[in-house]
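Contents: one structure, followed by commentary.
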2 protein chains.
Amino acid sequence: MNIGSYSFDEFVDLVKSFHGNAAPGVIMGGFMVDLALKNLPEGELFDVVCETPKCLPDAIQILTPNTIGNGWLKILNFGRYALSFYEKNQGTGVRVFLDPKKIEHWPEIKAWFFKLKPKKEQDSQLLLDQIRAAATSIYTIQKVRIHTQFLKKKSRGDIVICPVCHEAYPKNDGETCRSCQGQGPYIEVE
Amino acid sequence: MNIGSYSFDEFVDLVKSFHGNAAPGVIMGGFMVDLALKNLPEGELFDVVCETPKCLPDAIQILTPNTIGNGWLKILNFGRYALSFYEKNQGTGVRVFLDPKKIEHWPEIKAWFFKLKPKKEQDSQLLLDQIRAAATSIYTIQKVRIHTQFLKKKSRGDIVICPVCHEAYPKNDGETCRSCQGQGPYIEVE
């Protein structure tokens with residue numbers, strides 16, 4: 001079964017190239033994206049919400065024009081292995097999630113997903129074989145409508161210079177930039 | 001001047017393909033990534049913090065193995081046009097930011113960055129020409145050390161089934177998944 005316009009093996013190679021390794025989560029994500037797109041009208045543009053930051057966003061970025069940097073992909077971390085494509089003005093679309101009930105018959109997928117085995121005891125080839133054989137059968141698709149507040153494009157407003165670090169930042173963030181307000185990750189900057 | 005292993009024009013084509021259009025921010029980001037990598041030891045692996053979700057993460061994802069889905073790229077939204085590559089155990093590395101002082105001589109870059117002109121009055125070709133001509137000269141590089149708390153890999157702990165939606169979620173999130181706690185973006189799910 002193909003993933004988007006790629007064969008399974010071609011997609012695995014793309015995952016290795018973009019993500020750094022043939023991560024099971026990204027490969028499963030490929031089937032999820034494929035299933036979602038096949039259930040949406042062709043030729044329209046969709047935004048996407050990804051409900052986990054782990055692996056799944058990369059399947060989206062490999063297979064669609066939606067990236068984290070262009071804002072057409074948003075990550076809302078609910079810790080669920082799910083994604084929703086939706087028409088950006090109306091908010092109507094489809095959600096696809098990895099269905100726990102449907103992986104009962106795929107023991108290596110179940111063990112990986114629920115972390116039932118230490119990583120070194122996982123059989124990577126068997127896991128990959130099961131992901132390939134299961135194809136889109138282990139996911140469930142739903143119709144969804146996204147709340148209006150998530151559809152609005154937030155403007156950052158004016159860009160001004162921070163009086164502390166002298167870099168540009170959105171004025172709406174306060175008197176100084178948020179990093180200079182103490183939220184930054186740096187203990188030393190030279 | 002090259003960007004990574006690409007010519008400027010090749011990089012612009014990659015940006016169009018991945019990001020959907022030749023966004024000035026991603027192209028500038030290419031020079032920023034290039035500058036950072038040239039100031040880090042070769043052959044080591046680095047994690048990266050990006051201080052804005054806008055455009056810059058895509059330059060990182062195009063040019064490095066660091067992606068949002070593999071966790072080697074983290075976005076901490078301070079609204080600053082800056083990124084830091086750092087050795088993932090020690091937290092030492094370099095930060096590169098777009099320096100407001102240095103764009104004074106590049107009026108089209110300045111107008112774009114500070115949103116001084118309506119978008120329709122921007123001269124895209126002139127902006128691109130100035131970005132290319134300025135190359136790495138409009139960015140400043142700093143040595144940084146990242147706080148230990150940002151270096152720790154957070155484990156999600158056990159994965160369990162949510163009693164409301166019957167999907168899998170991290171047990172640490174509470175009695176139900178966070179979407180079922182009311183944080184989800186959906187108004188309808190069928």
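The values are calculated or read from the model by the stated rules, or taken from the named source; none is laboratory data. It should be emphasised that the depicted structure is a prediction, and the values quoted were computed from it without experimental measurement. Here Cβ is always computed from backbone atoms with ideal geometry, including for glycine, and neighbour counts include all displayed protein chains.
Would you be able to say whether some residue in the range A:119-140 is basic (Lys, Arg), in the same structural domain as A:SER84 (by TED's automatic domain parsing), in a helix (DSSP H, G or I) and modelled with pLDDT of 95 or more? Spell out how you get there, then give the answer.
Going residue by residue through the range A:119-140, those that are basic (Lys, Arg) are A:119-120, A:132.
With in the same structural domain as A:SER84 (by TED's automatic domain parsing) added as a condition, the list becomes A:119-120, A:132.
Adding the requirement that they be in a helix (DSSP H, G or I) leaves A:119-120, A:132.
If we keep only those that are modelled with pLDDT of 95 or more as well, we get A:132.
Yes.
Can you name the number of the only condition in (1) buried (at least 16 other Cβ atoms within 10 Å of the Cβ); (2) facing another protein chain (nearest Cβ under 9 Å) that B:GLN183 fails?
Evaluating B:GLN183 over (1) buried (at least 16 other Cβ atoms within 10 Å of the Cβ); (2) facing another protein chain (nearest Cβ under 9 Å) leaves (1) as the failure.
Of all residues in the range B:128-168 being among the hydrophobic types (A, V, I, L, M, F, W, C) and under 30 Å from B:GLU10 (Cα atoms), which is surrounded by the most Cβ atoms within 10 Å (Cβ to Cβ)? Write out each step before concluding.
Here is the first cut: in the range B:128-168, the ones among the hydrophobic types (A, V, I, L, M, F, W, C) are B:128, B:131, B:133-135, B:138, B:141, B:144, B:146, B:150-151, B:159-162, B:164-165, B:168.
Now restrict to residues that are under 30 Å from B:GLU10 (Cα atoms): B:128, B:131, B:133-135, B:138, B:141.
Values: B:LEU128: 16, B:ILE131: 22, B:ALA133: 11, B:ALA134: 18, B:ALA135: 15, B:ILE138: 24, B:ILE141: 16.
Here the residue is B:ILE138.
Within the range B:145-158, is there a residue that is closer than 23 Å to A:ILE138 by Cβ and either of a type in the set (Asp, Glu) or at pLDDT 95 or above (or both)?
yes
Check A:SER84 against each of (1) at the interface with another protein chain (Cβ under 8 Å from one of its Cβ atoms); (2) of a type in the set (S, T, N, Q); (3) touching a helix residue (DSSP H, G or I) at 6+ places or on another chain (Cβ under 7 Å) and name the one condition it does not meet.
Among (1) at the interface with another protein chain (Cβ under 8 Å from one of its Cβ atoms); (2) of a type in the set (S, T, N, Q); (3) touching a helix residue (DSSP H, G or I) at 6+ places or on another chain (Cβ under 7 Å), the lone unmet condition for A:SER84 is (3).
In the list A:VAL94, A:VAL48, A:VAL26, which residue meets the criterion of being in contact (Cβ under 8 Å) with a residue 40 or more places away in the chain and either assigned to a strand (DSSP E or B) or buried (at least 20 other Cβ atoms within 10 Å of the Cβ) (or both)?
On the way: A:VAL48 fails: in contact (Cβ under 8 Å) with a residue 40 or more places away in the chain; A:VAL26 fails: in contact (Cβ under 8 Å) with a residue 40 or more places away in the chain.
Going through A:VAL94, A:VAL48, A:VAL26 in turn, just one is in contact (Cβ under 8 Å) with a residue 40 or more places away in the chain and either assigned to a strand (DSSP E or B) or buried (at least 20 other Cβ atoms within 10 Å of the Cβ) (or both): A:VAL94.
Residue check, B:SER84 against (1) crowded, with 23+ Cβ neighbours inside 10 Å; (2) small (Gly, Ala, Ser); (3) in a loop (DSSP other than H, G, I, E, B), all met but one. Which one?
The failed condition is (3).
Give the number of residues within the range B:154-176 that are out of contact with any helix residue (DSSP H, G or I) (no Cβ under 9 Å at 6 or more places or on another chain) and within 7 Å of chain A (Cβ to nearest Cβ).
1
Based on this model, can you work out whether A:ASN66 counts as assigned to a loop (DSSP other than H, G, I, E, B), surrounded by fewer than 24 Cβ atoms within 10 Å (Cβ to Cβ) and out of contact with any Phe, Trp or Tyr (no Cβ under 9 Å at 6 or more places or on another chain)? Before the answer, list the steps.
Working: assigned to a loop (DSSP other than H, G, I, E, B): yes; surrounded by fewer than 24 Cβ atoms within 10 Å (Cβ to Cβ): yes; out of contact with any Phe, Trp or Tyr (no Cβ under 9 Å at 6 or more places or on another chain): no.
No.
Hey, B:LEU56 hits all of (1) out of contact with any strand residue (DSSP E or B) (no Cβ under 8 Å at 6 or more places or on another chain); (2) closer than 23 Å to A:ASP158 by Cβ but one; which does it fall short on?
(1)
Taking A:ARG95 and the conditions (1) under 29 Å from B:PHE46 (Cα atoms); (2) at the interface with chain B (Cβ under 9 Å from one of its Cβ atoms), which numbered condition does it fall short on, given that it satisfies the others?
Going through (1) under 29 Å from B:PHE46 (Cα atoms); (2) at the interface with chain B (Cβ under 9 Å from one of its Cβ atoms) one by one, A:ARG95 breaks only (1).
Mind listing whichever residues of the range B:146-183 are in a loop (DSSP other than H, G, I, E, B) and more than 30 Å from A:GLN183 (Cα to Cα)?
Correct list: B:CYS162, B:PRO163, B:VAL164, B:CYS165, B:HIS166, B:GLU167.
Just checking, does the range B:128-142 include any residue being on the phi > 0 side of the Ramachandran plot and away from every other protein chain (no Cβ under 11 Å)? Write out each step before concluding.
As a first pass, look at the range B:128-142 and keep what is on the phi > 0 side of the Ramachandran plot: B:135.
Subset that is away from every other protein chain (no Cβ under 11 Å): B:135.
Taking every residue of the range B:128-142 in turn, at least one turns out to be on the phi > 0 side of the Ramachandran plot and away from every other protein chain (no Cβ under 11 Å).
Yes or no: A:LEU116 exposed (fewer than 14 other Cβ atoms within 10 Å of the Cβ), among the aliphatic types (A, V, I, L, M) and within 14 Å of chain B (Cβ to nearest Cβ)?
Yes, satisfied.
Which of (1) out of contact with any helix residue (DSSP H, G or I) (no Cβ under 6 Å at 6 or more places or on another chain); (2) part of a helix (DSSP H, G or I); (3) more than 8 Å from chain A (Cβ to nearest Cβ) is the odd one out, the single condition B:LYS101 does not satisfy?
Of (1) out of contact with any helix residue (DSSP H, G or I) (no Cβ under 6 Å at 6 or more places or on another chain); (2) part of a helix (DSSP H, G or I); (3) more than 8 Å from chain A (Cβ to nearest Cβ), only one is false for B:LYS101: (3).
A:GLN125 fails exactly one of the following numbered conditions: (1) within 11 Å of chain B (Cβ to nearest Cβ); (2) of a type in the set (S, T, N, Q); (3) exposed (fewer than 15 other Cβ atoms within 10 Å of the Cβ). What is the number of that condition?
(1)
Check A:ASP13, A:ASP58 and return the single one that is at the interface with chain B (Cβ under 9 Å from one of its Cβ atoms) and either assigned to a helix (DSSP H, G or I) or not basic (Lys, Arg) (or both). Steps first, please.
Numbers: A:ASP13 fails: at the interface with chain B (Cβ under 9 Å from one of its Cβ atoms).
After ruling out the rest, the residue left standing is A:ASP58.
A:LYS119 - would you say it is without any contact (Cβ under 8 Å) to a residue 24 or more places away in the chain, over 30 Å from A:LEU45 (Cβ atoms), out of contact with any helix residue (DSSP H, G or I) (no Cβ under 8 Å at 6 or more places or on another chain) and not aliphatic (A, V, I, L, M)? Let's see the steps before the verdict.
Details: without any contact (Cβ under 8 Å) to a residue 24 or more places away in the chain: yes; over 30 Å from A:LEU45 (Cβ atoms): yes; out of contact with any helix residue (DSSP H, G or I) (no Cβ under 8 Å at 6 or more places or on another chain): yes; not aliphatic (A, V, I, L, M): yes.
It is true that A:LYS119 is without any contact (Cβ under 8 Å) to a residue 24 or more places away in the chain, over 30 Å from A:LEU45 (Cβ atoms), out of contact with any helix residue (DSSP H, G or I) (no Cβ under 8 Å at 6 or more places or on another chain) and not aliphatic (A, V, I, L, M).
Condition check: more than 7 Å from every other protein chain (Cβ to nearest Cβ) and either in contact with a strand residue (DSSP E or B) (Cβ under 6 Å, 6 or more places away or on another chain) or in contact (Cβ under 8 Å) with a residue 40 or more places away in the chain (or both). Does A:ASN77 satisfy that? Can you show your working first?
Working: more than 7 Å from every other protein chain (Cβ to nearest Cβ): yes; either in contact with a strand residue (DSSP E or B) (Cβ under 6 Å, 6 or more places away or on another chain) or in contact (Cβ under 8 Å) with a residue 40 or more places away in the chain (or both): no.
No; evaluated as a whole, the condition is false for this residue.
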